[in-house]
Structures are given as structure tokens and as C-alpha cells.
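Comments concern the structure below.
Any read-out appearing in this document is the output of simple, stated calculations on the displayed coordinates, not a laboratory observation. The model shown is predicted, which means the values in this text are computed figures rather than measured ones. Note that we place each Cβ from the backbone using ideal geometry, even for glycine, and neighbour counts take in every protein chain shown.
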Amino acid sequence: MTAEIIDGKVIAAELRGRVAEEVARVKREHNLVPGLAVVLVGNDPASEVYVRSKHTQTQAAGMASFEHKLPADVSQADLLALVAKLNRDPAVHGILVQLPLPKGLNTEAVINAIDPAKDVDGLHPNNAGRLAGGFEALSPCTPLGCIILTKSVHASLEGMNAIVIGRSNLVGRPLVQLLLNENATVTIAHSRSRDLPGLVKKADLVYAAVGKPEMVRGDWLKPGATVIDIGINRIPKEDGKTRLVGDVAYQEAHAVAGAITPVPGGVGQMTVACLLVNTLRAACAIAGLPKPAV
Ligand code: NDP
């Protein structure tokens, strides 16, 4: 048996198309143009690539995109002043401060300063707390993307055994909450978990968000399991270049799983598409409109 490949590229493109339709509708019916402001501090090359892709995709969806580039040595006060200005700006419905921030800046204070209604990264404690309580919230984009990818192969996740490997605030923890909201039975594993292969063996749904290249092996998996690989690891090639691999040993897992996401071309594609979803949802909520159809 070989696994069905969950094509994040196709699913993300379809989602971006639906967002664009809804953006056109709210523009037409309510004269509302959702706006996303992205703040980039410093010039980390990976962050620059992400920010450019967010800008292009936001505009392609018909939304307004505002980019703010600050030098790596910006003061905490100046960064907080920009966040406060964006909080007040009626054309801005989503604020994303690209992480990681350069050393010397207090990430927690910056996240806490974002208006929770505009917190499209879903990292503000208000949103994290609401999600944990099972209430309506802006949820982090990568975990949202993971749920959409899973639902492309399972109409319902109810009663399924899921394991989330990794417990970061950005990925693992919010993913656990979203899976609970889908009525899955969730195990959360981390660096102190015992017998990880044994835990993974029981799971119908396996989410790897660790940051360790190809850590999850094919023989850990229950045959037919759905594998969502969140890891993005750059490893050196013989020619001096690098290649991307996930947290799952893809070839081995592909031979055992029922469905699997590739890296690249899986979860990574969904993150920006879900950022657009969150921006549209935030804009509608701030304008007092009903939740959009995405
Ligand atoms: P973090 O480093 O914040 O968290 C890693 C988690 O993995 C921690 O909870 C850690 O446990 C756990 N862990 C580390 N080693 C082991 C181990 N040997 N066994 C089990 N668990 C372990 O990473 P992120 O959550 O931010 O990111 C995870 C991966 O996802 C990375 O590869 C990152 O690049 C990728 N990523 C991909 C995105 C996308 O768009 N596709 C977006 C965001 C991240 P403990 O808590 O005990 O330390």
C-alpha cells in the first residue's frame, strides 16, 4: 500500500480562490476592503521571503497589504508605537509581526500589544485562551491549515486518535485545541514523552511539529494513518546547496500511511492561505458583518 499524497499546493490555491471571492463580495456589498499589515524587523532572509509571499498573496486576493520594515536595532518603544498606530488604523484589520524578532526585543510584550481583534497570527493570550476554552477565536494559521488538509481526506475527525508531536504556542498547542474542537481524541507528545514510537503507533492522525529532520520513521506508523508533516528543515546537500525535508521520513512513511503531506508542497502552502482567511474573518468581525463563507 502507498499513501495518497495530500497536495497542499492545490488545496491552498482553492482556498485562496474562495477567499478572493468573499473579498470581492464584501467589497461589493459593504464597501469593505480587508487590510493586512505585516511588520518585518531586521533582514533575516527567510523572514523576508515569507513577508514577500504574504504581500503578493494578500494583494492577489484583492485585499490591501501594508508592509512596514524596521531596522534590526529598532527600539522596543518604537516597535510598540508602530503596533499602537496599526491598532488605531481603520484600514488595517490584521496585524502580523513576523517572528522571530531580533535579539533584544521582547516578543511577548509585542504580541500582547496587538489588538486581539486584529491578531491574525492568533498568538495574543486572549485568542489563545479563547481557543483553549472552545470559544470563537482567531487561531494560528499553520494549525488551521493542518485541519483543512486533514479534512481533505476525512470528512469528520470525530473519535479519531490523533497525536501532535510538539507543544509550541505557534503550532502544537493550538493544533491540539483545534483537534479537540473537531472531537478527535488527542495525545500531545514532546521532548520528555516516553516511547514516542509506541504512542504514534496508536494514532489514526499523526502531526509532526518538532523541527528534527525525518525523526518520525515509517515503522512507527499505524498502517493507513494520515500523516501531516509540519516540519521545515533545511539540510545540506553534497553540492553545497540545501534541500528541504520535514520531520517525517517521507519515503518510509509513504509506504505505510494512508495519506501524507509532502515537504515542500504540504502544510507550508496552507499557512499564508489561512492568514488570508483570518484577515477576512477579522475584517468582517470588526465591521460587525456575519462570518464570511470561508
Ligand atoms: P519549537 O522548537 O517551538 O517546538 C518544537 C517542539 O518539538 C517542542 O515542543 C519540543 O518539546 C518538541 N520536541 C523537540 N525534540 C523532540 C523529540 N526528540 N521528541 C518529541 N518532541 C520533541 O518549533 P515550532 O513548533 O515553532 O516548529 C516546529 C516545526 O514546524 C519546525 O520545523 C518549523 O520550521 C516548522 N514550522 C512550519 C510552519 C509551516 O508553515 N509549515 C510554520 C511554523 C513552524 P519541548 O516542548 O519538550 O521542548
Problem set entry | In the range 47-88, residue surrounded by the fewest Cβ atoms within 10 Å (Cβ to Cβ) [restricted to those that are in contact (Cβ under 8 Å) with a residue 40 or more places away in the chain and either outside any helix (DSSP H, G or I) or among the polar types (S, T, N, Q) (or both)] | Ser53
Problem set entry | Output for the range 229-258, where each listed residue is within 16 Å of the ligand (Cβ to nearest atom) and in a loop (DSSP other than H, G, I, E, B) | Ile230, Gly231, Ile232, Gly246, Asp247, Ala249
Seminar exercise, completed: How many residues of the range 162-171 are in contact (Cβ under 8 Å) with a residue 40 or more places away in the chain and near the ligand (Cβ under 9 Å from one of its atoms)? The answer is 6
Exercise. So which residues in the range 6-24 are in contact with a helix residue (DSSP H, G or I) (Cβ under 8 Å, 6 or more places away or on another chain), part of a helix (DSSP H, G or I) and within 22 Å of Gly258 (Cβ to Cβ)?
Worked result: Gly8, Lys9, Ile11, Ala12
Problem set entry | Search result, residues across the range 25-46 that are surrounded by fewer than 17 Cβ atoms within 10 Å (Cβ to Cβ), among the hydrophobic types (A, V, I, L, M, F, W, C) and assigned to a helix (DSSP H, G or I) | Ala46
Problem set entry | Output for the range 145-161, where each listed residue is within 15 Å of the ligand (Cβ to nearest atom) and touching a residue at least 40 places away in the same chain (Cβ under 8 Å) | Gly145, Cys146, Ile148, Leu149, Thr150
Seminar exercise, completed: Checked against (1) crowded, with 23+ Cβ neighbours inside 10 Å; (2) more than 15 Å from the ligand (Cβ to nearest atom), Pro174 satisfies every condition except (2)
For this session: For Ser156, work out the one condition from (1) of a type in the set (Ser, Thr, Tyr); (2) over 24 Å from Lys291 (Cβ atoms); (3) in a loop (DSSP other than H, G, I, E, B) it doesn't fulfil.
Result: (2)
For this session: Within the range 99-118, track down each residue that is touching a residue at least 24 places away in the same chain (Cβ under 8 Å) and under 20 Å from Ala283 (Cα atoms).
Result: Ala113, Ile114, Asp115, Ala117, Lys118
Seminar exercise, completed: Note: among Val248, Val277, just one is within 21 Å of His154 (Cβ to Cβ), touching a strand residue (DSSP E or B) at 6+ places or on another chain (Cβ under 9 Å) and surrounded by 24 or more Cβ atoms within 10 Å (Cβ to Cβ), namely Val248
Problem set entry | Candidates Thr226, Thr261 - the one that is touching a strand residue (DSSP E or B) at 6+ places or on another chain (Cβ under 9 Å), more than 30 Å from Phe66 (Cα to Cα) and within 12 Å of the ligand (Cβ to nearest atom) | Thr261
For this session: For Thr142, work out the one condition from (1) touching a helix residue (DSSP H, G or I) at 6+ places or on another chain (Cβ under 7 Å); (2) away from the ligand (no atom under 11 Å from the Cβ) it doesn't fulfil.
Result: (2)
For this session: Within the range 177-201, track down each residue that is farther than 30 Å from Glu136 by Cα, part of a loop (DSSP other than H, G, I, E, B) and more than 10 Å from the ligand (Cβ to nearest atom).
Result: Arg194, Asp195
For this session: Could you list all residues from the range 202-223 that are crowded, with 16+ Cβ neighbours inside 10 Å, part of a loop (DSSP other than H, G, I, E, B) and either among the acidic types (Asp, Glu) or within 12 Å of the ligand (Cβ to nearest atom) (or both)?
Result: Asp204, Ala209, Val210, Pro213, Glu214, Met215
